Amino acid sequence: MALATISIDTIDVGQRLRTVSEVQVQSLVASIGDVGLLNPITVYPCKVFRDGSYLDGFGIVAGAHRLEACKRLGLVEVDANVVTLDDLDRQIAECDENLCASSLSKSERAIFTKRRKDAYEAKHPETKNGIIGAMARHAPASLADASFTADTAAKTGQSERAVQRDAERGTKISERALDMVRKTRLDTGAYLDGLKAVPVEKQVEKVRADLSAPQ
């Protein structure tokens with residue numbers, strides 16, 4: 001990882017897992033305007049499409065809200081940590097950034113934990129349930145360190161129990177249903193735990209009915 005000052009125009013935000021929050025951007029505009037950018041964004045080298053051709057630039061790993069705030073302040077350069085990560089590592093890093101945010105709702109935590117689990121197990125297939133149990137007899141210490149739950153807890157500051165709970169909600173509830181619940185009155189732990197028991201093919205129908213029901 002190297003710290004550099006780079007042109008904002010060379011950064012491609014791309015398709016983020018989570019859209020930026022206007023409230024958070026406005027707060028950062030005020031903060032960065034007063035004291036500057038204290039926490040650099042994180043980017044990786046890639047090609048970006050500009051003026052009809054591909055040029056050397058950067059994709060963003062962490063700091064989309066900070067970047068948007070800098071743009072609104074009219075800044076042309078930004079401090080950034082430049083890292084080299086493969087696609088799965090970038091997905092994991094983006095999920096980690098979001099899971100560290102206190103503003104996530106219950107459904108968002110379930111979505112990002114499930115996406116992190118998918119990326120982590122694709123990168124470390126030996127940690128999947130069933131495989132890890134069978135292999136633990138031969139290398140228990142290394143596998144314990146590599147488990148998805150332990151790794152996520154360590155990277156995001158959550159308890160392993162909380163990670164397991166969010167992963168179960170994200171696994172047993174379809175992402176479409178979770179998206180419908182997101183930021184509504186149904187977006188509670190109790191509701192999601194009840195929704196887990198509903199067959200996947202009927203979850204969207206149930207959420208739609210519950211959202212339409214009188215309060």
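Some observations on this one:
- Only DSSP H runs of four or more residues enter the estimate; each adds -39500 (n - 2.57), and after division by the residues of the chain the mean residue ellipticity at 222 nm equals -16000 deg cm²/dmol.
- Long hydrophobic helices in the chain: none of the complete DSSP H runs spans 27 Å or more by Cα along its own axis with mean Kyte-Doolittle hydropathy of at least -0.5.
- Lysines with Cα under 28 Å of LYS196, excluding same-chain neighbours fewer than 8 positions away: LYS106, LYS114, LYS117, LYS123, LYS128, LYS155, LYS172, LYS183, LYS206
- Per residue solvent-accessible surface (Å²) - segment 41-115, probe of 1.4 Å: 45
- Over the chain, relative contact order from alpha-carbon pairs under 8 Å, at least 6 apart, %: 18
- Between the entries (i) 1.34; (ii) 0.98; (iii) 1.16, the label attached to Cα Rg over 2.2 N^0.38 Å calculated for this structure is (iii).
- Only one residue of ALA64, ALA177, LEU3 has its Cα farthest out toward the positive end of the dipole of the chain, where Lys and Arg carry +1 and Asp and Glu -1 on Cβ, and that residue is ALA177.
- Heavy-atom accessible surface of the chain: percent carbon and sulfur, 1.4 Å: 53
The values are calculated or read from the model by the stated rules, or taken from the named source; none is laboratory data. Everything numeric in this text was worked out from a predicted model, so none of it was measured. Positions of Cβ are generated from backbone atoms using ideal geometry, with glycine treated the same way; all protein chains shown enter the neighbour counts. SASA here: full protein model, heavy atoms, side chains in, ligands and nucleic acids out. Shrake-Rupley method; radii C 1.70, N 1.55, O 1.52, S 1.80 Å.
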